[in-house]
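Asks: Handing you a structure now.
Computed from the coordinates by the stated procedures, all read-outs in this text should not be read as laboratory data. Predicted model only: the values in this text are computed from it and were never measured. Here the Cβ positions follow ideal geometry from the backbone for every residue, glycine too, while neighbour counts run over all protein chains shown.
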Amino acid sequence: MQRSSGRGTAPAVAAVLVVAALAVGCRPVTVTGTSAPDGNKGVRHAPTTPAPPPLGLHTPPARHATGPHPARTAHTGPKAPRPLMAVGSRGAQVRELQARLAQLGLFDRAPTGSYASVTAAAVRAFQKRQGLPRTGTVQPATWWALRSRTRPPSRAELRPPTTRPAGVLDRRCMTGTVICISKRSNTLTWVVNGRIAAAMDVRFGSQYTPTREGTFHITFKSRRHISTLYHTAMPYAMFFSGGQAVHYSADFAAHGYRGASHGCVNVRERRKIATLFAAVRPGTKVVVHH
């Protein structure tokens, strides 16, 4: 029997070992260089690629949507249209609104062109009557309903001479040009030789700061006056007794007789006080009476 030379034995043994290792699930050792670990030259091992990491080991975290979660998004619905008029509005349209409400008996004062609490209450009353949402603001539906149930206001309805009747003139107001102011009727009348040329609503000081009564004269006028005591605007101020004056009051225009002055005679309507301011001269007689 011919004996093997031994040269082919080592490769054969190595191959058997590799097959055996694979059979039991072991991984062959990755060897650097060209020689086998047993020192036999000529045996080369192919470089082994590392197995991929377990699934998910290096998987980047899932990215979430940046928007709000659908379940947490509140359904607000469409926004309500902006009202045509609301508390704080001013102008000719507000004056027309007030005059139309007055035609229906819902606004019992002279139109002022200033939308305040009294106007809001009248609007709510109209909305209740018509079965509309009682917001106190004038939406297009409210405005259309009001216009369809009223007629265009006349000039006298838009700008009546006064809300309150002037009453009987004090005898001291019967001669010359006089600013005649009645605490009884809450009116100021511009009297020329016993005839009433203009009339307007006024209010007076509170019981703690009463408006003085008697006969006075205009000492000076100030178109854009600011009170040095109360730091409030006193447009068209005409001073007649110390710091007391006849002047326009935005608060009176907005809130009516719920407030009071600090002793001055407040006028509600700017246009009328502006006309009076232009006509009055220093020295003009002023009579404040009951």
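Asks: Just the C-alpha atoms of segment 217-258: what Rg/Rh do they give, with Rh taken as the Kirkwood radius?
Replies: Numbers: Rg = 10.6 Å, Rh = 10.8 Å.
Computed over Cα atoms, the ratio is 0.99.
Asks: Moving on. Loop only per DSSP, at most 16 neighbouring Cβ atoms within 10 Å: give me the trypsin sites (Lys or Arg not before Pro) in segment 88-136, ordered by residue number. Walk me through the numbers on the way to the answer.
Replies: Working: sites: R90, R95, R100, R109, R124, K128, R129, R134; in loops: R109, R134.
For trypsin sites (Lys or Arg not before Pro) across segment 88-136 that sit outside H, G, I, E and B with at most 16 neighbouring Cβ atoms in 10 Å, the list reads R134.
Asks: Under 5 Å between amide H atoms, partner at least 5 residues away or on a different chain: which partners does S261 have, H built in plane at 1.01 Å?
Replies: F204, G205, S206
Asks: Pop the C-beta distance of R281 and T228 into the FRET formula with R0 = 35 Å and round what comes out to the nearest 0.05. Don't skip to the answer; put the middle values down first.
Replies: Values: r = 24 Å, r/R0 = 0.69.
Calculated value: 0.90.
Asks: Continuing with the same structure: Over 10 Å intervals from 0, what percent of Cα-Cα pairs in segment 92-158 sits in each interval?
Replies: Answer for segment 92-158: a P(r) of 24, 62, 14, 0 percent.
Asks: Oh, and also: So how much slack lies between R271 and H290, counting 0.36 nm per residue of separation and subtracting their Cα-Cα distance, in nm? Spell out each step's value before the answer.
Replies: Working: separation 19, 0.36 × 19 = 6.84 nm, distance 2.56 nm.
So the extension gain works out to 4.3 nm.
Asks: Step through the residues of segment 248-255 one at a time and calculate ³J(HN,Hα) from phi using the Karplus curve (6.51 cos²θ - 1.76 cosθ + 1.60, θ = phi - 60°), rounding each to whole Hz and writing x for Gly and Pro.
Replies: Running phi through 6.51 cos²θ - 1.76 cosθ + 1.60 with θ = phi - 60° gives 6, 10, 5, 5, 5, 4, 8, 10 Hz.
Asks: Need the full-extension length gain, V87 to L104, defined as separation in residues times 0.36 nm minus the C-alpha distance. One decimal, nm.
Replies: Details: separation 17, 0.36 × 17 = 6.12 nm, distance 2.05 nm.
So the chain would gain 4.1 nm between V87 and L104.
Asks: State the volume of the convex hull built on the alpha-carbon positions of segment 165-236, expressed per residue in Å³ and rounded to an integer.
Replies: Numbers: hull volume 8.3 nm³, N = 72.
Roughly 116 Å³ of hull volume per residue.
Asks: Using θ = phi - 60° and the Karplus relation 6.51 cos²θ - 1.76 cosθ + 1.60, list the HN-Hα couplings for segment 81-98 in order, rounded to whole Hz, with x at every Gly or Pro.
Replies: x, 5, x, 5, 9, 7, 4, x, 6, 9, x, 5, 5, 5, 4, 5, 4, 5
Asks: Hey, can you grab everything whose amide H is under 5 Å from the amide H of F107? Only 5+ residues off in sequence or another chain; H modelled, so Pro and N-termini drop out.
Replies: Here the answer is A102, since their amide H atoms fall under 5 Å of that of F107.
Asks: How much net charge surrounds R164 when only other residues with a Cβ under 14 Å from its Cβ are counted (Lys, Arg +1; Asp, Glu -1)?
Replies: On the way: positive: R109, K183, R184, R203, R268, K272; negative: D108, D201, E269.
Net charge in that neighbourhood comes out at +3.
Asks: To the nearest 0.05, what FRET efficiency results for R147 and S117 with a Förster distance of 25 Å applied to their C-beta separation? Numbers along the way, then the final one.
Replies: Details: r = 23 Å, r/R0 = 0.92.
Taking R0 as 25 Å, the efficiency between R147 and S117 is 0.65.
Asks: Which trypsin sites (Lys or Arg not before Pro) does segment 137-238 hold that lie in a coil by DSSP with at most 15 other beta carbons within 10 Å?
Replies: Those satisfying the criteria are R149, R184, R212.
Asks: Now, a different point. Amide H neighbours of H225 under 5 Å, counting only residues 5+ apart in sequence or on other chains, H built in-plane at 1.01 Å?
Replies: Excluding prolines and chain starts, which carry no amide H, the hits are M234, Y236, A237.
Asks: Beyond 23 Å, what percent of the Cα pairs of segment 171-289 remain? Kindly include the intermediate steps, with their values, before the conclusion.
Replies: On the way: 1341 of 7021 pairs.
That fraction is 19 percent.
Asks: Let me ask something else. Among Y248, Y257, Y115, Y208, which comes first, then next, by fewest other beta-carbon atoms within 10 Å?
Replies: Numbers: Y248 23, Y257 13, Y115 26, Y208 8.
Ranking Y248, Y257, Y115, Y208 by Cβ neighbours within 10 Å, fewest first, gives Y208, Y257, Y248, Y115.
Asks: On to the next question. Less than 10 Å Cβ to Cβ from Q103, Lys/Arg counted +1 and Asp/Glu -1: what total charge do the surrounding residues give? Can you show the working numbers first?
Replies: On the way: positive: R100, R149, R151; negative: E157.
Net charge around Q103: +2.
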